[in-house]
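Peer 1: I'd like to ask you about the structure that follows.
Each reported figure results from applying straightforward, stated rules to the coordinates on display, with no laboratory input. Nothing here was measured: the structure is a model prediction, and the numbers come from that model.
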Amino acid sequence: MTDNNSDLYCIGCGAKLQTTDPNAAGYLPESSLAKAQSGESELYCQRCFRLRHYNEIQPVGLTDDDFLRLLNLLGQADALIVNVVDIFDFNGSLIPGLHRFVGDNPVLLVGNKADVLPKSLRRAKLRDWLSHQANANGLHPVETVLMSAKNQSDIESLMHTIEKYRNGRDVYFVGVTNTGKSTLINGILKQTAGVSDLITTSRFPGTTLDRIRLEMSDGSGLIDTPGIIHRNQMAHYLDAKDLRLVSPSKVIRPKTYQLNDEQTLFLAGLARFDYLRGPRAGFTVYADNQLMIHRTKLETADDFYDRQKGDLLQPPRQGDEFPDLARVEFTPKVDSDIVFAGLGWIKVPAGAVVAAYAPEGVDVVMRPAMI
């Protein structure tokens, strides 16, 4: 029996293996540890085993101090920092103040999940938009790359770009939860070493629990880090069965609604959008194709939500604990996106007076229109 396996770590999530506390990171039974030590099984903790084989998640808490400690290590290392963001949830996948943690290390910005955006959107235009938004948030990447972690040719191109900037140094992959960092590294491993699905991946926030170092041929490392948890993302308010709605896997089909003022759109029961004042206009919703949109009159919207939340307006589901919706009002001067963190966005024409609602704690922001 041991809880001091200083040289044994789960290859799925990076947690230090231990056999004493079933509720802590890195736990596995002594018998399983013995099999792993003898080479009869792979070094996966019980949490990763259940997640990989049964899609069951066992919560293991990482504190804000844990994430702060990991971020502080970035500036101490001599490395290339690869910041992976989710293009579908760009605002929600930025790490606040990342530029203050990386020190003098160069940052390569990788916009992942490009495959879910409409094919009509030109990549060059999107790349310029991402670079501009990164600069506005204090991050000045040496280059911005668009890709899909599911596309092997994109991964090959990314590897060439990484080699261009790393100069023999380690490469740290950083990002918030669910940006696809671990899927991306698995893709790199499959292409370079023929190893499939080594690192545990899932839609559940917080799957990777500690740094995972993978050696490269020259002795430097590819390092996967735990996803920084943004408490203001919609994923933290959803039942496990509904997480697919905030992590699209197929190309989203925008839906345009011609609205008169004093009309309301409900994004299932998760968010609400009111068109308060202005001429009849088109409003385009960018969200997962399975998310049901319901239109109603503003004057009856409150009553409609109270009666239908958890029923017609699902999710949330009946019996789920769900925060009240908080209201924010906007009047964009130019065509803009009203973004519901982790759920999607609505393109709004200049001059429209609108209000947006999301669960208390979920960010709702306005940005220059992406499309």
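Peer 1: Over the range 290-355, consider all pairs of different Cα atoms and compute the Kirkwood hydrodynamic radius from their mean reciprocal separation; express it in Å, one decimal.
Peer 2: Numbers: mean 1/r = 0.0722 Å⁻¹.
Answer for the range 290-355: a Kirkwood hydrodynamic radius of 13.8 Å.
Peer 1: If you average the C-alpha positions of the range 255-311 and of the range 345-371 separately, how far apart do those two centres end up, in angstrom?
Peer 2: Cα centroid of the range 255-311 versus Cα centroid of the range 345-371: 13 Å apart.
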